[in-house]
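K.L.:
First the structure, then my questions, so here it is.
The values are calculated or read from the model by the stated rules, or taken from the named source; none is laboratory data. Remember, predicted model here, so these are calculated numbers, not experimental data. Because the Cβ atoms are built from the backbone with ideal geometry, glycine has one as well, and the counts that use them run over all protein chains shown.
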Amino acid sequence: MSLALRHFIPNTPSVSLRERARSAAGALLGILCTGLICRAAIGPDAALPALIAPMGASAVLLFAVPASPLAQPWSIVGGNGVSALVGVAAAMLIPNPFVAASVAICVAIALMMSLRCVHPPSGAVALTAVLGGPGIHDLGFGFVLWPVGANTLAILTVALVFNNLVGRSYPHVPSRPAGAPGEPPAANRVGFTSADLDEALKGYDQLLEVDRSDLETILRRVQMHGYARRAGETVCADIMSRQVVGIAPDAPLSEALDLLRGHHIKVLPVTDESARVLGIVTQTDLLDNAVWDSAGPRLGWARRLSLAARRGRAPAGRVEDIMTAPVVTARPETRIAEVVARLSESGLHHMPVVGEDDRLVGIISQSDLVVALLADAAERGAKAEPVPA
C-alpha cells in the first residue's frame, strides 16, 4: 500500500524552515493587506465583495513559489483579467450555468496559453464570474475592474514589496552566468548547448512550472557536479597562494589602487583585524563603483546617496564602500573541481580560501586551477597507459 501511495505524493525538493516561514508570513500579509485595502476603498457597508476566493490560490503562488513562471506579474494580471472577461461574457451569453462555466474555463485556458499569462487561480476567477450569484452578475463587466482588478493589483503590490524585502528576486530574474557579450559563458561551452535544451523541450511539449533559464542553470550545475565527482582529488590546500595581500575595510580607495598596481595583482581580500574575510575588491569594483579624476578613484554622488540610504549614514569613501560582499569562499579541503564549478557559475576569477574559523589562509586563481587540472589530467593519462609487454 505504501508503494502505491508514493505515486500520489509529489517528489518535490525539501525547503528550509526559514523558507516555509517566509512563504506563510507572506501569504498572511498578502491576503490581510488586500482585504483591508479593498474594504477601505469601498467602505464597510458596501454590497460589493472586498475579497474573492481565487486570491487565496494566488497567494500560494506569489509567496510560496515566486520563481514560478505562473506567479509572475504578467501571469496574475493578464490571467485574471482575461479570465474575468471570458467568465462574464460566458455568463451573459449562455443560459445554462454549467455549460457557461465549462466554456469559460476552456476559452480562458486557451487565451492564457496564447498570451503567455497562465495563472491557475485565474480559472477560479472565470468560475466566480459564472457561478458567483446575482451580486456578481449584477456587476457585469465591472467585475473585471472590481473586485478582480483591485484584488489583483493589491496582492501583487504586497508580493513585490514583501518578496524583495526578504531577499527574493521578484519579479523573478533567472540567474545567468557571467560572460563576454555575444560569447557563451565557460560552463556553456561543454556538455549540452542551449539549442539542445530547446530541442528537448520541444519534444516534451508541456508547460513547465520552472523558468527555462532556471532549468538550464540547474542542469548546468548537475553537469558541473558530475565533472567534479569524476575529477581528481587535488584540493585547494595543494595549490593555493598562501602569501595573500589584503586590505582593511576602512582603507582609502587610493590605497587599494596602489596595492593592486604595486603587487601586479587583480584582487584584494578585505579582512578585519582577525583576518576574517569581509569582502573582496577587484579591478572591476574600482572601475564600476568609483569615479575617476586626476586624484584617482573616489565615490560618485549616485553611489554616496545609495549607500547613505541603505546604511542610514554617510559613506566615507573607503574600501568597504566599493567591495563585493558577501564573498564566495572555499575551504583548504575543497576539491578544485568544485572551485571550477563555482567560478564558472559566478564569472569570478579568484576565490579566497578560509579556515574553520573563517580566517583567510590563501587564495585560488584561475591560473592555479588551469595548472592543477592539467597536472591531474596528465597523471590520470599516465596511469591509464598500458604497460608495454
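This table checks each residue for (1) in contact with a Pro (Cβ under 6 Å, 6 or more places away or on another chain); (2) over 29 Å from Arg242 (Cα atoms); (3) outside any loop (DSSP other than H, G, I, E, B); (4) of a type in the set (Lys, Arg).
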position: Leu259; (1), (2), (3), (4): no, no, yes, no
position: Thr284; (1), (2), (3), (4): no, no, yes, no
position: Arg304; (1), (2), (3), (4): yes, yes, yes, yes
position: Ala309; (1), (2), (3), (4): no, yes, yes, no
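K.L.:
Check the stretch 272-280 and report whether any residue there is of a type in the set (Ser, Thr, Tyr), touching a residue at least 24 places away in the same chain (Cβ under 8 Å) and surrounded by 13 or more Cβ atoms within 10 Å (Cβ to Cβ).
P.N.:
No.
K.L.:
Looking at Val319 and the list (1) β-branched (Val, Ile, Thr); (2) under 17 Å from Ile247 (Cβ atoms); (3) surrounded by fewer than 22 Cβ atoms within 10 Å (Cβ to Cβ), which single condition is not satisfied?
P.N.:
Here Val319 clears every test but (3).
K.L.:
Which members of the stretch 233-257 meet the condition of being in a loop (DSSP other than H, G, I, E, B) and touching a residue at least 60 places away in the same chain (Cβ under 8 Å)?
P.N.:
Glu233, Thr234, Met240, Arg242, Val244, Gly246, Ala248, Pro249, Asp250, Ala251
K.L.:
Give the residues of the stretch 8-24 that are free of Cβ contacts under 8 Å to residues at least 60 places away in the same chain and either touching a strand residue (DSSP E or B) at 6+ places or on another chain (Cβ under 8 Å) or part of a helix (DSSP H, G or I) (or both), sorted by residue number.
P.N.:
Listed by number, the residues that qualify are Leu17, Arg18, Glu19, Arg20, Ala21, Ser23, Ala24.
K.L.:
Going through Pro95, Pro134, Pro73, Pro147 one at a time, which residue ends up being in contact with a helix residue (DSSP H, G or I) (Cβ under 7 Å, 6 or more places away or on another chain) and either at pLDDT below 95 or farther than 27 Å from Leu208 by Cβ (or both)?
P.N.:
After applying the criteria, what remains is Pro147.
K.L.:
Given the criteria exposed (fewer than 13 other Cβ atoms within 10 Å of the Cβ) and in the same structural domain as Leu360 (by TED's automatic domain parsing), does Leu299 qualify?
P.N.:
no
K.L.:
If Pro44 passes every condition in (1) within 13 Å of Thr128 (Cβ to Cβ); (2) out of contact with any Ser or Thr (no Cβ under 9 Å at 6 or more places or on another chain) but one, which one does it miss?
P.N.:
For Pro44, the exception is condition (1).
K.L.:
Which members of the stretch 97-106 meet the condition of being in contact with a Ser or Thr (Cβ under 9 Å, 6 or more places away or on another chain) and free of Cβ contacts under 8 Å to residues at least 24 places away in the same chain?
P.N.:
Scanning the stretch 97-106 gives a single hit, Ile105.
K.L.:
I want to confirm something. Restricting to the stretch 246-271 and keeping residues that are β-branched (Val, Ile, Thr) and in contact with a Gly (Cβ under 9 Å, 6 or more places away or on another chain), which single residue is surrounded by the fewest Cβ atoms within 10 Å (Cβ to Cβ)?
P.N.:
Filtering the stretch 246-271 for residues that are β-branched (Val, Ile, Thr) and in contact with a Gly (Cβ under 9 Å, 6 or more places away or on another chain), the one surrounded by the fewest Cβ atoms within 10 Å (Cβ to Cβ) comes out as Thr271.
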